[in-house]
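**Student:** Structure in structure tokens, see below.
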Amino acid sequence: MSFKSLGLSDALLKAISKKGYTTPSPIQQKAIPKILERKDVLASAQTGTGKTAGFALPILQILSEEKTLHNRPIRSLILTPTRELAAQVLQDFKDYGEFTDLRSTVVFGGVGANPQIRTLRQGVDILVATPGRLLDLHSQRALSLAKVEVLVLDEADRMLDMGFLRDIKKILALIPAKRQNLLFSATFSKEIKQLANGFLHHPVMVEATPENTTAEKVDQLVYKTNKGLKTELVIKLISEGDWKQVLIFTRTKHGANRLSEKLSKSGITSAAIHGNKSQGARTKALAGFKAGKVRVLVATDIAARGLDIPLLPHVINYELPNIAEDYVHRIGRTGRAGASGEAISIVSVDENEYVRAIEKLLGERLQSEVIEGFEPTESLKEILDKKAENKQQNQRGRDNSRNSHKTKGSNNFQRSRRK
Ligand code: AMP
């Protein structure tokens, strides 16, 4: 099947061929004709399936077929959970829309609002936004959503995970009731189904891959080891395999920083990306990684969501996520757009229950191996005892510092009394 046979205009076909795409991906083949028919669509697709072009191309086509009003009201609104995804989606709209007259922009938090307000004032046809900043700007009357015709909720499952349901409901109330709705989600929980039932009208369901299964091209492997050996094992795998571009997931922001520092110390260039980093730092880390200057990007789940890193050969789970669906998202970063990839999980005994939950979700067993010198010898009890001990130590540390503040405080008080 060709892009032309999907009914796309010459302007879009030109941009598509400039991007080097020859064949529409399965989600594009299914979603584009339905969206062009102005149907509501409920799409099951994770990052890496070509889902963004799956909605961006038909939206560009629909809007460019309509007359542009001189004040250019926002006619399509795309909501995304993270800033990175918003920036990426905008870039896709710009690339695919290069040969149309349509204007698009993005608004998200963490950066100054004034440049965004200035761009909005000039009029845009397509707005990509994260929910919080969109509502802020709306309450400042910097934008109007009264003319929105096509609404997209991208990565809707993650938006709900991040607690955006209330914001989404507020936004829905600001948009005309008569509109086309498109909902994209990698997983379909009860909550997503509820949300979909609430605002989609007779949606057409499209699926990129069967629900909750991973791309076959990803080789998945578990290495069992001790907690304390994980960093050393990661260093060994990256250096001996001479891996050039590796995305590593940790469960916590601290963990991401710590691992990134240790990798850098051992001579593997690395950067951490998580919610405590400024937008500028995250963009810089990602750019360095994409350009091949940074060999390893260590990320938390939320920060990694929606990152567009094509042809990523290696993903490592330094720790497994406690939500099995997050594993599917994580390994969706590899083996993308036809390339093969490898997803490795480094697992200590306390994570065995996560392995079982993931296997249940995938409906298959994960192959598990042990590397010589890194044999798992710890028992669950040892890990739990160690955790309890660390917790106690931290608590003692906090108590001590509180007491020393108190002492200092009372000294000051005495001093001031003596004066
Ligand atoms: P997405 O799932 O939208 O994040 O897209 C994943 C990657 O696939 C991006 O790097 C796109 O540029 C690329 N892509 C999208 N559609 C196609 C296509 N039809 N052929 C080849 N690559 C594509």
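The values are calculated or read from the model by the stated rules, or taken from the named source; none is laboratory data. Just so it is clear, the structure is predicted and the values come from calculations on it, not from any experiment. Quick reminder, even Gly has a Cβ in these numbers, built from the backbone with ideal geometry, and neighbours come from all protein chains shown.
**Student:** Hey, can you tell me all the residues within segment 299-349 that are modelled with pLDDT under 80 and acidic (Asp, Glu)?
**Tutor:** Asp308
**Student:** Would you call Glu155 in contact with a strand residue (DSSP E or B) (Cβ under 9 Å, 6 or more places away or on another chain) and either over 25 Å from Arg72 (Cα atoms) or not assigned by TED's automatic domain parsing to the domain that holds Ser189 (or both)?
**Tutor:** Yes.
**Student:** Any residue in segment 377-390 that's under 14 Å from Asn352 (Cα atoms) and not assigned by TED's automatic domain parsing to the domain that holds Lys224: show its pairings with residues that are modelled with pLDDT of 85 or more and β-branched (Val, Ile, Thr) at Cβ separation under 6 Å, as long as the two are six or more apart or on different chains.
**Tutor:** Cβ pairs passing all conditions: Glu378/Val349; Leu380/Val349.
**Student:** Among (1) over 21 Å from Asp125 (Cα atoms); (2) touching a Ser or Thr at 6+ places or on another chain (Cβ under 9 Å), there is one condition Lys30 misses while meeting the rest; what is its number?
**Tutor:** For Lys30, the exception is condition (2).
**Student:** Something else now. If you check every pair at least six apart or on different chains, which have Cβ atoms under 7 Å apart with a residue in segment 24-41 that is touching a residue at least 24 places away in the same chain (Cβ under 8 Å) first and a residue that is basic (Lys, Arg) and more than 10 Å from the ligand (Cβ to nearest atom) second?
**Tutor:** Val41/Lys34
**Student:** When segment 254-269 is examined, which residues are found to be among the hydroxyl-bearing types (Ser, Thr, Tyr) and surrounded by 24 or more Cβ atoms within 10 Å (Cβ to Cβ)?
**Tutor:** Selection gives Ser260 alone.
**Student:** Still on this structure, please answer the following. Quick one: which of Ala56, Ala87 is among the small types (Gly, Ala, Ser), within 24 Å of Thr105 (Cβ to Cβ) and without any contact (Cβ under 8 Å) to a residue 60 or more places away in the chain?
**Tutor:** Every option except Ala56 fails the conditions.
**Student:** Next question. Does segment 227-242 include one or more residues that are modelled with pLDDT under 95, closer than 22 Å to Leu384 by Cβ, surrounded by 16 or more Cβ atoms within 10 Å (Cβ to Cβ) and assigned by TED's automatic domain parsing to the domain that holds Val298?
**Tutor:** Yes, some residue in segment 227-242 is modelled with pLDDT under 95, closer than 22 Å to Leu384 by Cβ, surrounded by 16 or more Cβ atoms within 10 Å (Cβ to Cβ) and assigned by TED's automatic domain parsing to the domain that holds Val298.
**Student:** Can we say Ile74 is within 30 Å of Arg282 (Cβ to Cβ), among the β-branched types (Val, Ile, Thr) and touching a Leu at 6+ places or on another chain (Cβ under 6 Å)?
**Tutor:** Answer is yes for this residue.
**Student:** With Thr49, Thr80, Thr100 as the choices, which residue is among the β-branched types (Val, Ile, Thr) and closer than 24 Å to His138 by Cα?
**Tutor:** Working: Thr49 fails: closer than 24 Å to His138 by Cα; Thr100 fails: closer than 24 Å to His138 by Cα.
The unique qualifying residue is Thr80.
**Student:** What tally of residues in segment 1-18 results from selecting those that are within 12 Å of the ligand (Cβ to nearest atom) and polar (S, T, N, Q)?
**Tutor:** Qualifying residue count for the region: 2.
**Student:** If a residue has to be within 29 Å of Ala177 (Cα to Cα), more than 6 Å from the ligand (Cβ to nearest atom), in a loop (DSSP other than H, G, I, E, B) and not aliphatic (A, V, I, L, M) to count, how many in segment 19-57 make the cut?
**Tutor:** Count: 5.
**Student:** Next up: Could you go through segment 82-90 and let me know if any residue there is buried (at least 23 other Cβ atoms within 10 Å of the Cβ), assigned to a loop (DSSP other than H, G, I, E, B), in the same structural domain as Lys14 (by TED's automatic domain parsing) and touching a helix residue (DSSP H, G or I) at 6+ places or on another chain (Cβ under 6 Å).
**Tutor:** Checking segment 82-90: not a single residue is buried (at least 23 other Cβ atoms within 10 Å of the Cβ), assigned to a loop (DSSP other than H, G, I, E, B), in the same structural domain as Lys14 (by TED's automatic domain parsing) and touching a helix residue (DSSP H, G or I) at 6+ places or on another chain (Cβ under 6 Å).
**Student:** Separate question: Determine which single condition Leu160 fails, assuming it passes every other condition in (1) within 16 Å of the chain's Cα centre (by Cα); (2) in a loop (DSSP other than H, G, I, E, B).
**Tutor:** The number of the failed condition is (2).
**Student:** Looking only at segment 230-272, which residues are more than 22 Å from Asp350 (Cβ to Cβ) and among the charged types (D, E, K, R)?
**Tutor:** Pass one, segment 230-272, residues more than 22 Å from Asp350 (Cβ to Cβ): 238-247, 260-261, 263-272.
Glu240, Asp242, Lys244, Glu261, Lys265, listed by residue number.
**Student:** I'd like to check something: does segment 60-70 contain any residue that is of a type in the set (Gly, Ala, Ser), over 23 Å from the mean Cα position of the chain (by Cα) and away from the ligand (no atom under 12 Å from the Cβ)?
**Tutor:** Among the residues of segment 60-70, at least one is of a type in the set (Gly, Ala, Ser), over 23 Å from the mean Cα position of the chain (by Cα) and away from the ligand (no atom under 12 Å from the Cβ), which makes the answer yes.
**Student:** Still on this model: What number goes with the only condition from (1) surrounded by 15 or more Cβ atoms within 10 Å (Cβ to Cβ); (2) more than 16 Å from Ile59 (Cβ to Cβ); (3) basic (Lys, Arg) that Arg121 does not pass?
**Tutor:** The failed condition is (1).
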